[in-house]
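Asker: Below you will find the structure I want to go over with you.
Only the coordinates and a few stated rules stand behind these numbers; no lab work does. Small disclaimer: the values here were computed from a predicted structure and weren't measured. So basically every Cβ, Gly included, is an ideal-geometry build from the backbone, and we count neighbours across all protein chains shown.
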Amino acid sequence: MPTLEELRREIDDVDSELLPLFLKRMELARNVASFKMKANLPVLNAARESEILKKRADACREEWQRPYAAEFFKAVMALSRAEQQKMLDERKESAPENHA
């Protein structure tokens, strides 16, 4: 059985792998925001988010993992939406009609 320190090292390794993927996802979310701004689309697409949450939960092998996966992706999507909303708000603030 691994020691506590070994388990913690493994968690640290996983976290090190997660961070670049998370940052890539956030960059993609910014690209989505740019597209949404041009297409005049809202930040939230509730149907798509529900679909993604179900798909991610269903991908779990063990039943006990499903609620955690759903919460994880809810948090990730909330952060993506927050960044997208920030970008839209900044665009509105810098729009020419706001500088009159």
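Asker: Is there a quick way to get the dipole size of the chain? I mean about its Cα centre, with the Cβ of Lys and Arg at +1 and of Asp and Glu at -1; what is the value in debye to the nearest 20?
Answerer: That gives a dipole near 620 debye.
Asker: Before rounding to the nearest 500, sum -39500 (n - 2.57) across all DSSP H runs of length at least 4 in the chain and divide by the residue total; then give [θ] at 222 nm in deg cm²/dmol.
Answerer: Computed ellipticity for the chain at 222 nm equals -28000 deg cm²/dmol.
Asker: Over all directions, the average projected area of the alpha-carbon convex hull for the chain comes to how many nm²?
Answerer: That works out to 8.8 nm², a quarter of the Cα hull's surface.
Asker: I've got another one for you. Compute the signed sum of charges (Lys and Arg +1, Asp and Glu -1) over the other residues within less than 14 Å, Cβ to Cβ, of Arg30.
Answerer: Result for the local shell: +3.
Asker: Just to confirm a number: summing +1 for Lys and Arg and -1 for Asp and Glu over residues other than Lys74 whose beta-carbon lies under 11 angstrom from that of Lys74, what do you get?
Answerer: It works out to a net charge of 0.
Asker: Kindly count the pairs of lysines across the chain whose alpha carbons are less than 21 Å apart, treating pairs on different chains or eight or more residues apart as eligible.
Answerer: 12
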